[in-house]
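Undergrad: The structure under discussion is supplied below as structure tokens; questions concerning it will follow.
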Amino acid sequence: MSEQPLIVVVEDDQSIAELILYNLESEAYDVLHAESGDQLFEKLLHEKRSVALFILDVMLPGQDGFEICRNLKRDIKNQWSSFLFLTARSTEKDKLEGFNAGADDFLIKPFGMRELLARVKVLVERNKERIALSEGKILALEFDDPDALSAESETITIGIITIDDARHRIYKEGSEIEVTHREYELLKFLMQNNGLAFTRDDLLNHVWGYEYSGETRTVDVHIRQLRRKLEPDPSEPEYIQTVRGVGYRFVESID
């Protein structure tokens, strides 16, 4: 069985697909290509390996990329996979729908292959980190070693918000709140550095994990979503505060 990461590309434009596949294979990735959701799920029935990264075009015949992503995430086999959307649509509404579907990243068409490969590298590494973290937690539980688990995780509570990193869960007044992976990572970073102000570029680099060349409004979209889910009054945020002329910070404490 191949030890190379498996990447699935769902793209119905043959010229774009051929270019992506050529570049990915040149970087020694194993690549599986499908032109539609139906074709993808048919091929996955015969694929025993886990997928490190799904690259999904948004506009596809039949199911669109967002629907495919939601369906893939229902399968526990894909729980650690990363998801990159390719789209010609760059509106905030489109991105929000994608992030809610489970996207890790967006790439706006037309794009360069160097940028694609840079993002692919980060997302494949993120897949490895998720698997390693999961295996580490399972091993700690199997051997009844709480120290092994707590060494790499923590619980942070500020006011009514709690982030339980061991279980990868967020709570508001004791009730679990559903968030996307990126929303979780953004909130975790802000809460770990509570009281400190970060620019949008800082947050992109720390949370997205590389020199992000897209719009910094991506941060604003995620902040808005977190406020909607967590703040008592999203229009007057108490926790995730805007620092004028800088960016954002998580409040240091709630009296």
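Undergrad: Quickly estimate the mean residue ellipticity at 222 nm for the chain, helices only: each DSSP H run with n ≥ 4 gives -39500 (n - 2.57), and the total goes over all residues, rounded to 500.
TA: Details: 9 runs with 105 residues, N = 255.
Calculated from helices alone, the mean residue ellipticity at 222 nm is -12500 deg cm²/dmol.
Undergrad: Using the 10 angstrom Cβ neighbour count as an exposure proxy, how do Val10, Val179 rank, fewest first? Don't skip to the answer; put the middle values down first.
TA: On the way: Val10 26, Val179 22.
Ranking Val10, Val179 by Cβ neighbours within 10 Å, fewest first, gives Val179, Val10.
Undergrad: Okay, moving on. Antiparallel as a % of all DSSP beta bridges within the chain, to the nearest 5?
TA: Working: 17 of 35 bridges.
Bridges in the chain are about 50 percent antiparallel.
Undergrad: Based only on Cα atoms, what Rg/Rh ratio does the chain have, Rh being taken as Kirkwood's radius? The partial results should precede the final answer.
TA: On the way: Rg = 19.1 Å, Rh = 19.5 Å.
Taking Rg over the Kirkwood Rh, I get 0.98.
Undergrad: Could you tell me which helices of the chain pass both thresholds, a Cα extent of 27 Å or more along their own axis and a mean Kyte-Doolittle hydropathy of at least -1.0, with helices taken as whole DSSP H runs?
TA: Details: long enough: 113-142 (43 Å, -0.01).
The qualifying helices are 113-142.
Undergrad: Using a Förster distance of 25 Å, how high is the FRET efficiency between Lys229 and Thr91, based on the Cβ-Cβ distance and rounded to 0.05?
TA: Working: r = 21 Å, r/R0 = 0.85.
Between Lys229 and Thr91 the formula returns 0.70.
Undergrad: For each of Glu35, Glu252, Glu25, count neighbouring Cβ atoms within 10 Å of the residue's Cβ, then give the residues from fewest to most. All intermediate terms of the calculation are to be shown ahead of the outcome.
TA: Numbers: Glu35 18, Glu252 10, Glu25 13.
With the fewest neighbours first, Glu35, Glu252, Glu25 line up as Glu252, Glu25, Glu35.
Undergrad: Would you work out the relative contact order for the chain, in percent, from Cα pairs under 8 angstrom that are 6 or more residues apart? List each step's numbers first, then the result.
TA: Values: 353 pairs, mean separation 30.8, N = 255.
Dividing the mean separation by the residue count of the chain yields 12 percent.
Undergrad: Can you give me the long-range amide H partners of Arg169? Hydrogens built in the peptide plane at 1.01 Å from N, cutoff under 5 Å, separation of 5 or more residues or another chain.
TA: Result for Arg169 returns Asp164.
Undergrad: What shape does the stretch 63-121 have by the C-alpha gyration tensor, where a ≥ b ≥ c are the square roots of the eigenvalues, rounded means a/c under 1.5, and otherwise prolate means a/b greater than b/c and oblate the rest? Can you show the working numbers first?
TA: Numbers: a/c = 2.34, a/b = 1.30, b/c = 1.81.
In terms of gyration-tensor shape, oblate.
Undergrad: What's the magnitude of the charge dipole for the stretch 6-132 around its Cα centre, counting Lys and Arg as +1 and Asp and Glu as -1 at the beta-carbon? Answer in Debye, nearest 20. Mind dumping the intermediate values first?
TA: Working: 17 positive and 23 negative charges, 113 e Å.
Dipole size: approximately 540 debye.
Undergrad: Answer rounded, prolate or oblate for the stretch 1-113, using the Cα gyration tensor with square roots of eigenvalues a ≥ b ≥ c: rounded when a/c is under 1.5, else prolate when a/b is larger than b/c, else oblate.
TA: On the way: a/c = 1.55, a/b = 1.18, b/c = 1.31.
Taking the square roots of the gyration eigenvalues as a ≥ b ≥ c, the stretch 1-113 is oblate.
Undergrad: Okay, moving on. In nm, give the distance between the simple-model label positions of Lys77 and Glu252, each being 7 Å from the Cα along the Cα-to-Cβ direction.
TA: Calculated label separation equals 5.1 nm.
Undergrad: Here is a follow-up. For the stretch 73-117, which trypsin sites (Lys or Arg not before Pro) are in a loop by DSSP, counting at most 13 other Cβ atoms within 10 Å?
TA: Details: sites: Lys73, Arg74, Lys77, Arg89, Lys93, Lys95, Arg114; in loops: Arg74, Arg89.
Filter output for the stretch 73-117: Arg74.
Undergrad: In addition: Sort Tyr22, Tyr171 so the one with the fewest other Cβ atoms within 10 Å of its own Cβ comes first. Mind showing how you got there, number by number?
TA: On the way: Tyr22 11, Tyr171 17.
The order, fewest Cβ neighbours first, is Tyr22, Tyr171.
Where a number appears in this text, it was derived from the coordinates with a stated rule and is not lab data. If you're wondering where the values come from, they're calculated on a predicted model, not measured in any experiment. Virtual Cβ from ideal backbone geometry, glycine too; neighbours counted across all protein chains shown.
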